[in-house]
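The values are calculated or read from the model by the stated rules, or taken from the named source; none is laboratory data. What you see is a predicted model; the values in this text were computed from it and never measured. Cβ coordinates were reconstructed from backbone atoms using ideal geometry, including for glycine residues, and neighbour counts include every protein chain displayed.
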Amino acid sequence: MKSLTANSLTLILFLLLSATLNLFAQDEKPRVIVSTDIGGGDPDDFQSMVHYLLYADRFDTEGLISSPPLDGRLSHIYEALAAYEKDYPKLKKHGKFPKPNTLKKVSKQGAVAIQQGAEPDSLSEGAAWIIQQAQKQDARPLYVLVWGSITDVAQAVHAKPSIKEKIRVYSIGSWNTRQDPKARDYLFNNHPDLWWIENNTTFRGMYMGGNQDTDLGNLSFVEEHVKDYGHLGQLFWEQKKDIKMGDTPSVLYLLHGDPNQPEGESWGGSFLKTAHGPNYWTDKPDKDLVINNRPGAKTVNKWREAYLRDWQKRMEWLK
């Protein structure tokens with residue numbers, strides 16, 4: 001009887017500990033590296049960076065990497081961080097926002113040229129940083145959000161394939177993929193076990209469809225809730241005056257929803273698991289989720305009012 005009682009007590013303690021750990025895990029900040037072509041051929045990366053920095057208290061930012069193509073450089077990340085630094089005194093009143101210098105220290109230059117052959121033949125500073133962070137003793141996965149070409153991720157995985165056990169890639173494809181198709185194809189063809197959400201069209205729901213009435217329009221929202229709010233709002237407005245933010249769904253995915261379940265509902269979309277590999281998801285082809293011939297886009301724009309109103313509250317902190 002005593003043995004049974006002891007076993008029962010052990011089970012109860014185990015269940016309580018498990019519940020506590022589960023609650024703690026839910027409160028953990030995701031580890032994040034952003035790979036961006038900010039300053040390159042599309043100003044929407046500045047928009048997405050402004051949005052990301054407004055939510056910087058929600059993440060453990062372990063890297064901001066300047067990646068190809070075109071003319072985007074580390075200096076453009078610093079430009080966004082300069083605006084963040086000016087707004088930091090107001091932001092830190094509302095949460096544990098990282099210090100500007102902390103973010104500068106983890107900002108790195110990635111590849112400045114695309115992959116030329118079938119395999120990567122170099123290792124950029126940014127790619128080496130991905131490897132270093134992935135090898136840290138941390139039980140949490142490391143999310144790599146790819147807003148430009150996937151060149152640096154390809155270099156990192158090629159140089160150290162073992163990091164696949166730790167990293168989770170959410171990439172915005174389409175135009176970005178066309179800038180360096182060889183890097184993308186290298187990962188797709190040689191590393192089918194890579195945890196990867198390849199978002200080729202779903203991201204279009206960020207600015208296509210959804211509730212765009214009154215102040216929720218692509219232009220009206222920026223005019224009313226962004227442009228006159230702090231230095232970050234000013235930077236957003238100077239770069240582009242209406243919402244595109246095509247890379248932001250990768251951030252929204254971590255803000256609302258279960259990031260362990262790409263097939264579930266999230267602000268950043270819901271995705272289809274394919275037979276390509278055990279951990280590969282892409283756009284859902286269902287006809288009722290298509291807008292403007294972009295499969296899956298409605299899995300993002302259905303949440304438009306929710307994620308814009310949430311962002312609006314944060315912009316108001318900068319007044």
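Is there any pair linking a residue in segment 86-98 that is touching a residue at least 40 places away in the same chain (Cβ under 8 Å) to one that is in a loop (DSSP other than H, G, I, E, B), with Cβ under 7 Å and at least six apart or on different chains, and which?
Short answer, once both residue conditions are applied: L91/F97.
Is it the case that H51 is modelled with pLDDT of 95 or more and either over 16 Å from the mean Cα position of the chain (by Cα) or more than 26 Å from K241 (Cα to Cα) (or both)?
no
Which one is modelled with the lowest pLDDT, of the residues in segment 59-71 that are assigned to a loop (DSSP other than H, G, I, E, B) and within 28 Å of K29 (Cα to Cα)?
P68
Of all residues in segment 196-239 being touching a strand residue (DSSP E or B) at 6+ places or on another chain (Cβ under 8 Å) and of a type in the set (V, I, T), which is surrounded by the most Cβ atoms within 10 Å (Cβ to Cβ)?
Checked segment 196-239; the qualifying residue surrounded by the most Cβ atoms within 10 Å (Cβ to Cβ) is T202.
Look at V169 and say whether it is crowded, with 19+ Cβ neighbours inside 10 Å, closer than 30 Å to D138 by Cα, among the aliphatic types (A, V, I, L, M) and in contact with a Phe, Trp or Tyr (Cβ under 6 Å, 6 or more places away or on another chain).
Judged against the criteria, V169 is a match.
Name the residue that is nearest to T177 (Cα to Cα), counting only residues in segment 82-118 that are among the hydrophobic types (A, V, I, L, M, F, W, C) and touching a strand residue (DSSP E or B) at 6+ places or on another chain (Cβ under 7 Å).
V106
Which is over 17 Å from the mean Cα position of the chain (by Cα), under 22 Å from K164 (Cα atoms), surrounded by fewer than 20 Cβ atoms within 10 Å (Cβ to Cβ) and not small (G, A, S), of K287, K273?
None of the others qualify; the one that does is K273.
Where residues in segment 173-182 are over 19 Å from the mean Cα position of the chain (by Cα) and in contact (Cβ under 8 Å) with a residue 12 or more places away in the chain, which of them is surrounded by the fewest Cβ atoms within 10 Å (Cβ to Cβ)?
Ranking the candidates gives K182 first.
Quick check on segment 127-143. Is at least one of its residues of a type in the set (S, T, Y), over 23 Å from F188 (Cβ atoms) and either surrounded by 17 or more Cβ atoms within 10 Å (Cβ to Cβ) or out of contact with any Asp or Glu (no Cβ under 8 Å at 6 or more places or on another chain) (or both)?
No; the residues of segment 127-143 include none that is of a type in the set (S, T, Y), over 23 Å from F188 (Cβ atoms) and either surrounded by 17 or more Cβ atoms within 10 Å (Cβ to Cβ) or out of contact with any Asp or Glu (no Cβ under 8 Å at 6 or more places or on another chain) (or both).
What residue, among those in segment 290-303 that are buried (at least 22 other Cβ atoms within 10 Å of the Cβ) and not polar (S, T, N, Q), is farthest from G210 (Cα to Cα)?
Residue satisfying both the conditions and the ranking: G296.
If you check A113 against the conditions, is it surrounded by fewer than 20 Cβ atoms within 10 Å (Cβ to Cβ), small (G, A, S) and modelled with pLDDT under 95?
Yes: the conditions hold for A113.
Only one residue in V169, V222, V153 is among the aliphatic types (A, V, I, L, M), in contact with a Ser or Thr (Cβ under 8 Å, 6 or more places away or on another chain) and within 27 Å of R73 (Cβ to Cβ), so which one is that?
V153
Residue by residue through segment 106-154, note down the ones that are over 11 Å from I65 (Cβ atoms) and of a type in the set (A, V, I, L, M).
Those that are over 11 Å from I65 (Cβ atoms) and of a type in the set (A, V, I, L, M): V112, A113, I114, A118, L123, I131, A134, A139, L142, I150, A154.
Looking at segment 92-134 only, could you name the residues that are part of a helix (DSSP H, G or I), among the hydrophobic types (A, V, I, L, M, F, W, C), within 21 Å of S48 (Cβ to Cβ) and out of contact with any helix residue (DSSP H, G or I) (no Cβ under 6 Å at 6 or more places or on another chain)?
Across segment 92-134, the qualifying residue is only W129.
Which pairs turn up if I take residues in segment 61-77 that are crowded, with 23+ Cβ neighbours inside 10 Å and look for partners that are of a type in the set (D, E) with beta carbon separation below 7 Å, at least 6 apart in sequence or on another chain?
These pairs meet every condition: I65/D152; S67/D37; S67/D152; P68/D37; P68/D180; G72/D37.
Taking only segment 87-124 into account, find how many residues are among the polar types (S, T, N, Q) and in contact with a Gly (Cβ under 9 Å, 6 or more places away or on another chain).
3
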